[in-house]
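A.B. asks: One structure coming up, written as structure tokens, with questions to follow.
Every number in this text was worked out from the coordinates using simple rules, so none of it is lab data. All values reported here derive from a predicted model rather than from experimental measurement. Neighbour counts are summed over all protein chains in view; Cβ atoms, including those assigned to glycine, are modelled from backbone coordinates with ideal geometry.
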Amino acid sequence: MGKVTTLEEIGELVHDGMTIMVGGFMGTGAPDALVGILMDRDIKDITLISSDTALVDTGVGPLVLGRRLKKVIASHIGTNPETGRQMLAGELAVELVPQGTLAERVRAGGAGLGGILTPTGTGTMVADNKQTLTIEGREFLVELPLRADVALLKAHKADKSGNLVYRNSARNFNPLMALAADLVIVQVDEIVETGELDPNIVVTPGVLVDKIICYKESE
Amino acid sequence: MDTKELIARRAAVELHDGDVVNLGIGLPTLIPDYLPAGINIILQSENGYIGLGPVQDTIIPDLVNAGGKPANILPGGSFFDSATSFALIRGGHVDVTILGGLEVDAHGNLANWMVPGKMVPGMGGAMDLVTGAKKVIVAMEHTSKNGASKIVSDCTLPLTARGAVSMIITELAVFRFTPQGLVLEELAPGVELETVTNRTGAAFTVSADLSPMRNIPSNEVLL
């Protein structure tokens, strides 16, 4: 079955109330066209898992301003003032997670692990209501895995089998999220024939990727 | 020089040739400008690479620093995903992190990620950095805008990490955390011990080797 698809077809795959992971760091490596589909289709009550909420008008930022979110799980919301405003007004649930813990929780979700143990957050409010374990005299927090219904990712290049290569700092959470969702949709700058990507440089194996669209800013 | 330059100049001498360093957003990003000759450090950027360099005339696509601003990668650098990035940080592969603070207390606790009900930007990578870096230096102004000491006996704001801070550098002084507690080690030019005592909200001892602030000309006048 062909993985290369259209924005229209992807629009049929996303629904209200879904838990959605979106790649990117402050918008870099975020799939703007796929976020645009959520906006155009008026998808709402989303639980969003993302590094941050970007700026008001970049990456996942429009989802906040457009009030499409029920809950956000992220490490940083400070650069999108609308997230903090909605949170303090009680309009949006926000779970703040240390960025390294977020990465490991997503990794655990994708790797079949029951959770991870991290020293990060011990003795802080991040530890509230969490189990702790002491291993060789050091305290660790038990942090649970994260999974999503859909991952919306950005890569630089894909082949038609879904193998992905990333560019520069746009990699960030994308390869981790590719393992941690039931449906993985990737926006790329360029699609090449299967066999044209050197298997040595592929970061995300194609078997993880369900749908690919090629989208350039200029289009 | 202004206070930010003074703090950055002093912080620069804490870095050694070959150190892998993560610098927080704001004042700490000024520090590489003041590295002594012959000292080359490797900057880690928590969004996924080592070899962070200053931005060039040409903007490189998909390449930003941890503040989301255009950046550069130097020869020898490499990109990786966020799990690897924080494995470097949490796993003790970063020698030094220098970051700002809202409060540091006498126990080496740091608060720098939220003011409840007012400002809740989130911790980003800060909790992992202060937990995992081998040495944590807080570089900050000594007092807040309303004049209150940012060095306190016990943090009142939510903590970033407990007992993680090695050193505090402000425009007035340098303190180090030792097993015996907070120790004042250096004074900025023109600053009297009494001034530091009056403006510091935590008890500290004065080092027997109390000295002028390193890397700052003794005749320097703060602007």
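A.B. asks: Mind listing which trypsin sites (Lys or Arg not before Pro) in region B:135-190 are in a DSSP loop and have 14 or fewer other Cβ atoms within 10 Å?
C.D. replies: The qualifying sites are B:K145.
A.B. asks: Do the alpha carbons of any pairs in A:K71/A:K211; A:K157/A:K216; A:K44/A:K216 sit beyond 21 Å of each other, and which pairs?
C.D. replies: Beyond 21 Å: A:K71/A:K211; A:K44/A:K216.
A.B. asks: What is the local net charge at A:E139, summed over the other residues whose Cβ is closer than 12 Å to its Cβ (Lys, Arg +1; Asp, Glu -1)?
C.D. replies: Taking every other residue near A:E139 into account, the sum is +2.
A.B. asks: Can you compute the helix-only [θ] at 222 nm over chain A? Use -39500 (n - 2.57) per DSSP H run of at least 4 residues, normalise by all residues, nearest 500 deg cm²/dmol.
C.D. replies: After summing the helix terms and dividing by the residues of chain A, the value is -5000 deg cm²/dmol.
A.B. asks: Follow-up question, since we're still on this one. What are the ³J(HN,Hα) couplings of region B:45-54, residue after residue, when phi is run through the Karplus curve with 6.51, -1.76, 1.60 and θ = phi - 60°? Round to Hz, x for glycine and proline.
C.D. replies: After applying 6.51 cos²θ - 1.76 cosθ + 1.60, I find 10, 5, 7, x, 6, 10, x, 4, x, x Hz.
A.B. asks: What net charge do the residues around B:V21 carry, taking every other residue with its C-beta under 13 Å from that of B:V21, with Lys and Arg at +1 and Asp and Glu at -1?
C.D. replies: That works out to -3.
A.B. asks: If a/c stays under 1.5 just call it rounded; otherwise compare a/b with b/c (prolate if a/b is bigger, oblate if not). Do that for chain A, with a ≥ b ≥ c from the square roots of the Cα gyration tensor eigenvalues.
C.D. replies: In terms of gyration-tensor shape, oblate.
A.B. asks: Which value, in debye to the nearest 20, gives the size of the charge dipole of the protein assembly as shown about its Cα centre, when Lys and Arg are +1 and Asp and Glu are -1 at the Cβ?
C.D. replies: Here the size comes out at about 640 debye.
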